[in-house]
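Can you keep this structure in mind? I'll have questions shortly.
The values are calculated or read from the model by the stated rules, or taken from the named source; none is laboratory data. As the structure is a computational prediction, the values presented were derived from the model and not from experiment. Here the Cβ positions follow ideal geometry from the backbone for every residue, glycine too, while neighbour counts run over all protein chains shown. Note: accessible area is taken over every heavy atom of the protein model, side chains too, but ligands, DNA and RNA are not part of it. Shrake-Rupley method; radii C 1.70, N 1.55, O 1.52, S 1.80 Å.
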Amino acid sequence: MINYHFNNKESFYTLRKNYRLSLQKTDIGIQITKAKKVPNRNEYYLDRTQLRSGHITAESVSNQLANIRHIVFEVTDACNLQCTYCAYRDFYDNYDKRENRYLDVRKAKLLIDFVFEKSNTPANKSPRKDILVNFYGGEPLLNMDFITEVVSYTKRMENDCVKFRYSMTSNGVLLKKYLPFFIQYDFDILVSLDGSKENDAYRLFHNGKSSFDTVYDNMIHIRDNYPVFFERNILFNSVLHNLNNRQEVFQFFQHEFNKVPLFSKVNDVGIKSEMEKKFDVLATPGQEMPDDKSETEMKRVMDLNYDKTKRLQQFIFLHSGNKYNSYNDLLFKRDNFRYLSSGTCFPFSRKIFMTVNNKLLPCEKIGQRFSFGRVTETGVDIDCEEVARKYNGYCDSLRKLCSRCHHVGNCSVCMFGVQNKEDKLVCKSFVNKRGFDDYLQKGVDRLSQNPELYKRIVEEVAIL
Amino acid sequence: MKNISVLWFYLEPYVFISEDRNGFLFYNTNSGKGMVFDKNGIINKVVKYLQNPENMYSIRIGVKELENEHLYHFIQSLQEATFGDLTEGHLSKPVIMPPILNLQKNVERLKTDYSPLNENILSCLHEVTIFVNGKCKHHCKACQYMFKQYPCCTKSDDTLDFNLLNDFLYSISRTGASVNITGGNPFQYPEFDKLSEALGKMDSLKTYIVNYRNIPEDPDVLNLFANESFRLKIVVNDSYRENSLVTIAERLQQDNINQLWEIGITSVHECEKAECLSERLSRLNIEVNIKPYYNRKNLVFFEENIFMQQEDIMAVELDRQDVFALQELNTCNFGKITVMPDGKVYANINKEPIGNIREQTGDILCRELLSSESWRHTRYRTAPCNRCRFRLICPSPSNYESVIGKPNLCHVVQ
């Protein structure tokens, strides 16, 4: 028996055999003998429950708040589109009711003040930093007054140490109207567009008409009149579903805009149980052509960002034991390191998200019921003890499930997306031993088909 | 088994290969053992093939080829020592990922973008040594030598401005970096009480480094060191009477002072004497370090006792992380800075200053990371070490190299 086995302690996989070939030099040449080898059962033994016993502290939450570099505002819950797969519509049950509300700029400023003041404490490990302010919705352009006020406020706050940068996620319908402002403040704008008119057919106005022509015309306008801004600041996000596929979407963006979009899947967290079947149909992308020339083109243009290469990259980073984030990670041992359950980010380590209802969350992608604080009339109310308690409580509830999973130490699942079905936690990425062995073999196969990528990925790729 | 005519030989993912013009070093981070091989036609060919990452650490070898004595010995000894293994040649090629470091926040990668380099920069700070003054009434022979080799007191004419120092300490107060305070005689620092109060607000370990002759008699002054986050490091660097030192240690112990002794030596004779003192202090459960220092007259002592032989280097047991760390950073210097009484800040006291205490600490640290003079000063960047196969496992360049003026303290490469 020969198979690949992942050594969790060292974070790399290796080959395991239950026999040994021995060489012996004799008068008639080299003799090879094969002897059975009993594998040491304890060799790869891992106490997953113990390994998954990590907890966070209130102090570490407080430290994260002093190091925030990304604020996301849900500028409004109103939208001028009514996309079929929208995470705030029929398929989902994990969001606050949409009431066409607009975020109170006064309260948004209280959050900015809070982040700014925290930045001025010694707990901030990046004395000079850029803080990215992201405007998110609904459709943020429906509340343009908010955006202009926040930009003006933050620009006035800038000093030698703290600078602000801006970005926005938009459906692009109203973009042309406010373009000079966004060019002036060097906004990065992520425009949602799912490909050609046929591909984009789920993105509809309230009257049921397609939004494609409007958005497309706006993009052409920007491309032709502000080519530098279009090149540097406009990004596209395409949701893959049953009306498109990667190849079609890629071809569309290459041909029309000479750009590569970001591909994302339809959000599968918080789906109502009665809608699951319908959701599965919608969320499954259309059939791709195995030998399509666009696939070859995609591989050439996207190079290391090609999605299949990215999967290989993820496999290499998780299972080579070669990836370290920082110099400190090289210097200090993690012998007694205890992982948290799941692969959830540390609260506020990536961003702080303020909803239109003044709730504070660690991310816009998680259900809004998982609020970790709020902005009140007088300021920001985050109880770090309470955040740690809640977070550890969620981790504890998952520990039993995670300790049976073989993705220990290399899980990328957010615990806020783990579903509770009939009082049973269900993780879509859970793997038992057999599943993990299959996964490992597939990764090795992919590597053996693309060995030339190994060195490039290890030496060139940063996923900061 | 007679039918096997071809084999796959593969190396384990925990095996590193290094080479120089004379031979190869294979190092197994699982066992902490190394093996050396001389260069030879067929071995060179096989190793070159294995070193190419595209070949995924495995090579197809005909059984007939193993009749070559060198190749047979090479394969068999690596297999015996669990550096690699064999499978039948008709099976699919073993796919093993060779150890190549991917350091995400590698400065070389980030040089083009200042912002990410600055991100979390203060978390790189691990130890700060501050010379608060230069005043001292004693005339130790070693005064101008020891402090360039490890944190230790020295005399100078300056005194560090307390307001500047206070601001600096506040800026690093949440980094967790340990702080060493020394002088001259730090007990004579005009703002000693205020300094101790400021340090008391920091959670990290604070160590006052003081010559044994400067330890105050007044127990109230020493009360500070009864607090568990403070300790007194007592330096012995000159002629001394053993009984007197033991008496000091006993007195401090009676007052519950956290104490640590460091005895500087320059010769075998001093080492023997230091060992006697160390033994007596250790009986009191006091931690003692004996540290050689170079005084410009004792190169022979260093050559005979400190310089490394090949066997010494090979005896070092390292894991994968250690080997990667030696590639990218100086494990002696990384995360350490020194502030002198004139306000100048050094990443290594033997190099040029990297800034001044008046500046933002983060800016100073970024500058050092970019420069690679101290924190990232590795054997890979220095001749002749960068041409030696043992650079893979050899300890990072230390201050001894700087003060002796020789880039390698070994007998392996001249």
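Within segment A:150-192, list the trypsin sites (Lys or Arg not before Pro) lying in a DSSP loop whose Cβ has at most 10 other Cβ atoms in a 10 Å radius.
Hits after loop and neighbour filter: nothing returned.
Another question about this same structure. Between 0 and 90 degrees, rounded to the nearest ten: what's the tilt of helix B:162-171 against the longest Cα principal axis of chain B?
On a 0 to 90 degree scale, this one is about 40.
Cα atoms only, segment B:6-88: Rg and Dmax in Å?
Here Rg and the maximum Cα pair distance are 11.7, 33 Å.
Right, here's the next one. On the Cα set of segment B:27-74, report Rg and Dmax in Å, please.
So, for segment B:27-74, Rg and Dmax equal 11.9, 32 Å respectively.
I need the P(r) histogram for chain A: all alpha carbon pairs, bin width 10 Å from 0 out to the longest distance, whole percents.
In order of increasing distance, the bins hold 4, 16, 25, 28, 18, 5, 3, 1, 0, 0 percent.
Suppose we keep just the DSSP beta bridges with both residues in chain A; what percent of those would be antiparallel, to 5?
Percentage antiparallel, nearest 5: 50.
At 0.36 nm per residue, and after removing the present C-alpha to C-alpha distance, how many nm does the segment from B:E304 to B:K137 gain when stretched out fully?
56.6 nm
Now a separate question. What average number of partner chain Cβ atoms lie no more than 10 Å from the Cβ of the residues making up A:4-16?
Per residue, the average neighbour count from other chains is 4.
While we're here: Where the Cα atoms of segment B:215-342 are projected onto their three principal axes, how long is each span, largest first, in whole Å?
For segment B:215-342, the Cα spread along each principal axis is 49, 36, 34 Å.
I would also like to ask the following. Reported to two decimal places, what Rg/Rh ratio describes segment A:376-464 when computed on Cα atoms with Rh from the Kirkwood expression?
Result: Rg/Rh = 1.14.
Could you tell me which Cys residues in chain A have no other cysteine's Cβ under 4.7 Å from their own Cβ, answering none if every one has a partner?
Result for chain A is A:C79, A:C161, A:C345, A:C363, A:C384, A:C395, A:C402, A:C405, A:C411, A:C414, A:C427, no neighbouring Cys Cβ within the cutoff.
Can you give the percent of C-alpha pairs in the protein assembly as shown whose distance is more than 57 Å?
Counting every Cα pair in the protein assembly as shown, those more than 57 Å apart make up 20 percent.
Could I ask something else about it? I need to check one value: relative contact order of segment B:220-304, counting alpha carbon pairs closer than 8 Å and at least 6 residues apart, in percent.
With pairs under 8 Å counted, the relative contact order is 29 percent.
Calculate how steeply helix B:268-283 sits against the longest principal axis of the alpha-carbon atoms of chain B, using the helix alpha-carbon long axis, and give the answer as 0 to 90 degrees to the nearest 10.
Tilt of helix B:268-283: around 70 degrees.
Let me ask something additional. Given N residues in chain B, what is its alpha carbon radius of gyration divided by 2.2 N^0.38 Å?
Here the answer is 1.19, to two decimals.
Something else now. Work through the residues other than B:V179 whose Cβ is under 10 Å from its Cβ and net out their charges, Lys, Arg +1 and Asp, Glu -1.
That works out to 0.
Shifting gears a bit: Using a 7 Å offset from Cα along Cα-Cβ at B:H269, what residues in segment B:280-307 end up with backbone N under 18 Å from the label point?
B:292-305
Scan segment B:196-277 for trypsin sites (Lys or Arg not before Pro) in coil per DSSP, keeping those whose Cβ has at most 14 other Cβ atoms within 10 Å, and list them by number.
B:K201, B:R241
Here is a further query. Treating only the Cβ atoms of Lys and Arg (+1) and Asp and Glu (-1) as charged, compute the dipole magnitude of chain B about its Cα centre; round to the nearest 20 debye.
The dipole of chain B has a size of about 860 debye.
Can I ask one more? Quick one: net charge around A:D188, please, counting Lys, Arg +1 and Asp, Glu -1 for every other residue with C-beta under 11 Å from its C-beta.
Computed value for this residue: +1.
Something else now. Where does helix A:384-404 land angle-wise versus the long Cα axis of chain A, in degrees 0 to 90, nearest 10?
40 degrees
When we measure straight from the Cα of A:K34, which aspartates and glutamates land under 12 angstrom away, once same-chain ones fewer than 8 places off are left out?
B:E88
How far, in nm, would the chain grow between A:E231 and A:A462 when pulled straight, counting 0.36 nm per residue and subtracting the alpha carbon separation?
80.9 nm
Counting DSSP beta bridges with both partners in segment B:116-404, what percentage is antiparallel, nearest 5?
Around 15 percent antiparallel, to the nearest 5.
Follow-up question, since we're still on this one. Out of the GluC sites (Glu not before Pro) in segment B:104-204, which ones are loop residues according to DSSP with at most 13 other C-beta atoms within 10 Å?
none
Moving on. After finding the eigenvalues of the alpha carbon gyration tensor for segment B:141-297, what semi-axes result from the square roots of 5 times each, listed largest first in whole Å?
Square roots of five times the eigenvalues give 27, 19, 14 Å.
Give me the distance between the Cα centres of segment A:306-330 and segment B:30-91, rounded to whole Å.
Here the answer is 27 Å between Cα centres.
Considering every residue in B:100-110, what mean count of other chain Cβ atoms within 10 Å of its Cβ is obtained?
That average works out to 6.
Quick one: Debye curve from the C-alpha atoms of segment B:260-414, no solvent, what's log10 I(q)/I(0) at q = 0.10, 0.13, 0.16 Å⁻¹?
The calculated log intensity ratios at q = 0.10, 0.13, 0.16 Å⁻¹ are -0.46, -0.76, -1.06.
Hey, got the average number of other protein chain Cβ atoms within 10 angstrom for residues in B:358-364?
Shielding by partners across B:358-364 averages 2.
What is the distance, in nm, between label points placed 7 Å from the Cα along the Cα-to-Cβ direction at A:D188 and at B:N52?
3.9 nm
Over all alpha-carbon pairs of segment A:58-288, lay out the pair-distance distribution in 5 Å bins, whole %, shortest bin first.
Using 5 Å bins, I get a P(r) of 1, 6, 13, 16, 16, 16, 13, 10, 6, 3, 0 for segment A:58-288.
Counting Lys +1, Arg +1, Asp -1, Glu -1, what net charge surrounds B:G343 among other residues with beta carbon under 10 Å of its beta carbon?
Overall, the nearby charge balance is -2.
What distance in nm separates the two pseudo spin-label positions at B:S77 and A:K308, each 7 Å out from Cα along the beta-carbon direction?
About 4.4 nm, to one decimal.
Let me ask something else about it. Quick check for you: which residues of segment A:238-263 have the amide N under 17 Å from the point 7 Å beyond the Cα of A:V281 toward its beta carbon?
A:241-244
Count the DSSP beta bridges whose two residues both fall in the protein assembly as shown, then state the antiparallel fraction as a percent rounded to the nearest 5.
45 percent
Beyond 30 Å between alpha-carbons counts as too far, so tell me which of A:K277/A:K390; A:K400/B:K206; A:K118/A:K390; A:K333/A:K455 fall in that bin.
Flagged as over cut-off: A:K277/A:K390; A:K400/B:K206.
Then there's this: By its C-alpha gyration tensor, with a ≥ b ≥ c as the square roots of the eigenvalues, how is segment A:292-392 shaped: rounded for a/c under 1.5, else prolate for a/b larger than b/c, else oblate?
The shape class here is oblate.
By accessible area of protein heavy atoms, probe 1.4 Å, what ranking do A:D383, A:D268 get, highest first?
Sorted by accessible area, descending: A:D383, A:D268.
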